Amino acid sequence: QVQLVESAGGLVQAGGSLRLSCAASGRTFSSRTMGWFRQAPGKEREFVAAISWGGGTAYYADSVKGRFTISRDNAKNSVFLQMNSLKPEDTGLYYCSATLGFGIPRDEDDYDYWGQGTQVTVSS
């Protein structure tokens, strides 16, 4: 079992930055691909970013590429999402996730564990 707890999100103006963190406990964290997803009001949950177990490979949604950076610290069982140049359309509930599978999936169905979600609101 893996427990994931996201840090508090927040309210930020467009163009600003925010850093989310996710603390993992339970089963071996360092061997798992980790991901971030988000869900805007009235929309389905969507992939944001994912990072390999060693941190050497990361994938991003086109909508956040160049603005967001995912990273991890296996010694601290944590994964991070640095969000820069935020836009109002980045508003949503952000979820940390972990997969028991292989590779770096971008489909939420391939992830096995989820945090409770943290709200990010970007004002225009």
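The values are calculated or read from the model by the stated rules, or taken from the named source; none is laboratory data. Predicted model only: the values in this text are computed from it and were never measured. As a convention, Cβ positions derive from the backbone with ideal geometry for all residues, glycine included, and neighbour counts pool all protein chains shown. Ligands, DNA and RNA are stripped out before the accessible areas are found, and what is left, the full protein with its side chains, is counted by its heavy atoms. Shrake-Rupley method; radii C 1.70, N 1.55, O 1.52, S 1.80 Å.
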Checklist entry - When you go through 108, 44 one by one, which is the residue that is surrounded by fewer than 14 Cβ atoms within 10 Å (Cβ to Cβ), of a type in the set (Asp, Glu), at pLDDT 95 or above and on the phi < 0 side of the Ramachandran plot? => result 44
Checklist entry - So which residues in segment 60-111 are of a type in the set (Ser, Thr, Tyr) and touching a Phe, Trp or Tyr at 6+ places or on another chain (Cβ under 7 Å), if there are any at all? => result 60, 71, 94, 95, 97, 99
Item to check | Members of segment 1-47 found to be assigned to a loop (DSSP other than H, G, I, E, B) and of a type in the set (D, E, K, R), listed by number | outcome: 27, 32, 43, 44, 45
Checklist entry - Restricting to segment 59-71, what's the tally of residues that are outside any loop (DSSP other than H, G, I, E, B) and within 19 Å of residue 108 (Cβ to Cβ)? => result 4
Checklist outcome for this item: Scanning segment 1-20 residue by residue, those open to solvent by less than 40 Å² (accessible area, probe 1.4 Å) and of a type outside the set (Asp, Glu) turn out to be 2, 4, 7, 9, 10, 12, 16, 18, 20
Next on the checklist: Can you tell me how many residues within segment 62-90 are of a type outside the set (D, E, K, R), open to solvent by 30 Å² or more (accessible area, probe 1.4 Å) and more than 12 Å from the chain's Cα centre (by Cα)?
Outcome noted: 8
